[in-house]
Amino acid sequence: MNLIYSLGIYLASLILKVIALFNTKIKLGVIGRRQVFKVLKAKISNNDKTLWFHCASLGEYEQGLPVFTNLRTQYPKHKIVLSFFSPSGYEIKKNAPFADVVVYLPLDTKNNAKRFLNVVHPELTVFVKYEIWPNFLNELKRRQLRAILISATFRENQSFFKWYGKHTKEALFAFEHIFTQNESSKLLLQNIEYKSVTVSGDTRFDRVSNQLNQDNTIDFIKDFKASDLCVVVGSSWEEDEKFLVEYINNHLKVGVKFIIAPHNIKPTQIQSLKNSIEKKCVLFSEKEGKLISNYQILILDTIGLLTKVYNYADIAYIGGAMGTTGLHNTLEAAVFGVPIIIGKNHDKFPEAQEMIDNEGLISVNNQQELNTALNNFVDNENKRAIFGKNNRDYIKNNEGAVIQILNFLRR
């Protein structure tokens with residue numbers, strides 16, 4: 001199995017180089033990985049004490065962040081190495097303020113694992129959620145270096161729990177401890193004789209709760225909303241926008257405004273979205289000099305504002321689940337006590353089903369269901385309040401994962 005895995009990694013590296021000729025995102029990763037060891041050697045010496053944090057992409061980074069920042073405070077003299085597998089994480093967070101070095105994770109070969117750990121030599125390694133790279137993990141174990149996995153979720157159909165998954169299963173035992181999001185993940189680990197596991201929950205709850213301690217004021221959003229009801233659309237894709245635009249053009253009432261934060265902010269996509277909207281619409285990039293309260297639709301063709309914009313929402317629609325790209329973070333809106341609507345494809349997001357069961361979130365399958373859900377929230381203040389409170393309580397009741405992790409590491 002080791003040979004097959006190594007061959008697969010080698011073939012993947014060749015395929016990525018070919019795809020990079022046609023795909024800008026993949027190209028960024030290919031080029032970035034060429035620089036990893038040069039960057040590490042320039043910024044880390046043999047005498048440095050280090051901590052290594054690894055995330056697949058941006059979502060895992062957000063999950064890990066409350067743990068990372070606490071460890072940064074706890075170990076102020078250590079250098080922090082932050083690695084990403086995906087360009088989506090690296091390109092956005094390559095200047096993460098708590099980290100001393102941010103790099104791509106080299107492809108998981110035995111040679112890369114040895115070279116990486118020779119330079120980084122971490123006293124502690126923290127992987128987040130799904131990231132299981134056997135060669136890196138086995139090399140950490142061989143060197144008897146501490147490693148933990150946080151906010152982990154496992155499913156029965158994963159290779160760790162199949163007869164052919166011996167190589168990946170063994171990699172799990174490189175972790176000193178695994179903190180899972182739920183009891184079912186813990187049971188799956190125990191079934192393969194992995195015993196050092198704690199159900200701590202999802203660190204994202206701690207992450208979003210901290211947002212309430214920030215200044216969430218955005219003056220131009222306040223001016224745009226004025227005294228109207230506001231629907232905030234977070235991280236929408238074309239599959240979401242098709243239904244939302246139909247609602248806006250044909251069912252939107254006076255006194256209700258929309259703020260749309262698309263996932264894709266390429267100018268052509270933004271302009272196409274704006275052109276499809278028949279109501280008075282303004283882009284973030286065009287707002288200067290305009291009386292923004294006169295517009296009914298605001299499109300955020302920028303990034304970095306959404307977590308604060310939810311503070312102004314009366315209703316939230318979270319994108320990604322109407323298609324197959326993956327549901328975006330519903331917790332960021334829920335912490336502000338906002339009722340939430342999503343699409344139908346949320347099976348891989350257990351928090352979505354929990355919020356549905358808790359009557360804080362509604363999943364819709366089609367245009368008619370979306371129209372009904374939006375209208376019911378728009379017309380019923382009491383329903384908005386009940387769903388919003390349920391979401392706020394859900395966040396509060398699930399805090400505490402970070403404390404459990406930090407307490408374990410202090411032993």
| task | May I ask you to list pairs of residues, at least six apart or on different chains, whose Cβ atoms are under 8 Å apart, with the first in the stretch 22-34 being under 12 Å from Leu107 (Cβ atoms) and the second being among the polar types (S, T, N, Q)? | result | Gly29/Ser86
| Using beta carbons and a limit of 9 Å, which pairs, at least six apart or on different chains, have the first residue in the stretch 207-219 and more than 28 Å from Lys290 (Cα to Cα) and the second one hydrophobic (A, V, I, L, M, F, W, C) and exposed (fewer than 15 other Cβ atoms within 10 Å of the Cβ)? | none
| request: Search the stretch 169-182 for residues that are under 18 Å from Glu139 (Cβ atoms) and pair each with any residue that is surrounded by fewer than 17 Cβ atoms within 10 Å (Cβ to Cβ) and among the small types (Gly, Ala, Ser) when their beta-carbon atoms are under 8 Å apart and the residues are at least 6 apart or on different chains. | output: Lys169/Ser159; Phe175/Ser196; Glu176/Ser196
| remark: Counted residues in the stretch 389-400 being in contact with an Asp or Glu (Cβ under 6 Å, 6 or more places away or on another chain) and either more than 12 Å from Val208 (Cα to Cα) or of a type outside the set (D, E, K, R) (or both) come to 1
| Among all residue pairs at least 6 apart or on different chains, which show Cβ distances below 6 Å where the first residue, located in the stretch 293-307, is among the β-branched types (Val, Ile, Thr) and outside any helix (DSSP H, G or I) and the second is at pLDDT 95 or above and open to solvent by less than 40 Å² (accessible area, probe 1.4 Å)? | Ile297/Phe258; Ile297/Ile277; Ile297/Cys281; Ile299/Ile260; Ile299/Leu283
| task | Sort out which residues of the stretch 216-273 are within 19 Å of Tyr310 (Cβ to Cβ) and among the aromatic types (Phe, Trp, Tyr), and write them in order of number. | result | Phe220, Phe224, Trp237, Phe258
| task | Exactly one condition in (1) at pLDDT 95 or above; (2) buried (at least 20 other Cβ atoms within 10 Å of the Cβ) is not met by Gly89; state its number. | result | (1)
| request: Check every one of the helices (runs of 4 or more DSSP H) wholly within the stretch 320-411 and list those with 2 or more residues that are open to solvent by 20 Å² or more (accessible area, probe 1.4 Å) and closer than 30 Å to Leu124 by Cβ. | output: 381-397, 401-409
| query | Do you know which residues across the stretch 1-14 are hydrophobic (A, V, I, L, M, F, W, C), open to solvent by 50 Å² or more (accessible area, probe 1.4 Å) and assigned to a helix (DSSP H, G or I)? | reply | Leu3, Ile4, Leu7, Leu11, Leu14
| Right, Leu137: of a type in the set (A, V, I, L, M), under 19 Å from the mean Cα position of the chain (by Cα) and either over 22 Å from Lys41 (Cα atoms) or open to solvent by less than 20 Å² (accessible area, probe 1.4 Å) (or both) or not? | no
| Just a yes or no: is a residue in the stretch 250-266 under 26 Å from Gly388 (Cβ atoms) and in a helix (DSSP H, G or I)? | yes
| said: Among (1) in a strand (DSSP E or B); (2) touching a His at 6+ places or on another chain (Cβ under 8 Å), there is one condition Phe53 misses while meeting the rest; what is its number? | reply: (2)
| query | What do you reckon, is Ser235 small (Gly, Ala, Ser), open to solvent by less than 30 Å² (accessible area, probe 1.4 Å) and in a helix (DSSP H, G or I)? | reply | no
| When you scan the stretch 15-62, how many residues do you find that are farther than 25 Å from Ala152 by Cβ, at pLDDT below 95 and open to solvent by less than 40 Å² (accessible area, probe 1.4 Å)? | 3
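The values are calculated or read from the model by the stated rules, or taken from the named source; none is laboratory data. Small disclaimer: the values here were computed from a predicted structure and weren't measured. FYI the Cβ positions are ideal-geometry reconstructions off the backbone, even for glycines, and counts take in every protein chain you see. Remember, those area values only see protein heavy atoms, side chains included, never the ligands or the DNA or RNA. Shrake-Rupley method; radii C 1.70, N 1.55, O 1.52, S 1.80 Å.
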